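The structure appears below as structure tokens.
What follows draws every value from the coordinates through simple rules; no lab data is involved. Predicted model only: the values in this text are computed from it and were never measured. So basically every Cβ, Gly included, is an ideal-geometry build from the backbone, and we count neighbours across all protein chains shown.
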């Protein structure tokens, strides 16, 4: 229950709505929030329609919550009222609820609901945060499946793993949404795809890869001042089928970036007349039309032989 206790008010509402669905309630709907007439969720069960007030509290819930649920049920054309909390109810709230036929679901009953979900489905894992609404269902299924496969004998470790991966997924999404105007599109696509490729379904690893790939571009390749055409040529290696593994792709990109810088230095330090140098350079380019490193190696060999 500690994970439930740490939810925000809105997250708790969404979690309860999800849990009601697991309990067999139908037409579960969260109301609009402000101006909700004291009703957070509307749901149907057993032929009755319920106006539900949801309270995530650290202290006992007062009679006021019961009054709000009862008063609001008419607005939503409900026949029954209910208050659900992760805490407990005051004595006055219990007495009043009994007199107006309002159903009370306190912490003990809520825990039993959660345990019922687990007993009915041994694969059930208590949601962490607002994962039911902020993450696509297929992604959540992937996260849960990975946790169960990684920690088959420990529900606690599964929940911890899920929490870590949910947080990582959200950070990855924010990085992708924000983008990076300083990184060319072809480079950005490589950074995103290679981070995912080497993660094996673990979003925490994918996040680490993504952060490392950004640093790799910014601090190691030293291509930020290179012309766009050079960057495109170098990163075309990513799309070359002969480079099948991530390691070989990164290695080829690093070698091409190094070749580009070595060529620049070679041009600066040339000792041959410009015409002769350009002839050798053009010959090396023709023999290595897609490779800066290959061009450098051939040009360096030709220059050494020319001497």
Using the basic label-point model (7 angstrom from Cα toward the beta carbon), what is the residue 272 to residue 225 distance in nanometres? 2.6 nm
In Å, the C-alpha Rg and Dmax of the chain are 30.7, 105
Nearest 10, in degrees from 0 to 90: the angle of helix 203-215 to the longest Cα principal axis of the chain is 40 degrees
Separation between Cα centres of the range 12-65 and the range 169-241, rounded to whole Å: 43 Å
Beta bridges per DSSP with both ends in the chain, % antiparallel, nearest 5: 40 percent
Using the Kirkwood formula on the Cα atoms of the range 253-306, what hydrodynamic radius do you get, in angstrom to one decimal? 10.9 Å
Which length gain, in nm to one decimal place, applies between residue 138 and residue 8 when the Cα-Cα distance is subtracted from 0.36 nm times their residue separation? 44.4 nm
Compute the acute angle (0 to 90°) between the alpha-carbon long axis of helix 246-268 and the principal axis of greatest extent of the alpha-carbon atoms of the chain; round to the nearest 10°. 40 degrees
Which of the peptides 218-228, 67-77 is most tightly packed, and how do the rest follow, judged by the mean count of other Cβ atoms within 10 Å per residue? 67-77, 218-228
Over the chain, the sum of -39500 (n - 2.57) across DSSP H runs of at least four, divided by residue number and rounded to 500 deg cm²/dmol, gives at 222 nm -18500 deg cm²/dmol
Based on other C-beta atoms within 10 Å, arrange 98, 258 from fewest to most. 98, 258
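What does the convex hull of the alpha-carbon atoms of the range 166-221 project to on average, in nm²?
3.6 nm²
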What percent antiparallel are the DSSP beta bridges of the range 1-114, to the nearest 5? 40 percent
Work out the FRET efficiency for residue 300 and residue 149 from their Cβ-Cβ distance, taking R0 = 51 Å, and round it to the nearest 0.05. 0.50
The chain, relative contact order in percent, only Cα pairs under 8 angstrom and at least six apart counted: 10 percent
Nearest-ten-degree value, helix 107-120 long axis tilted from longest Cα axis of the chain: 60 degrees
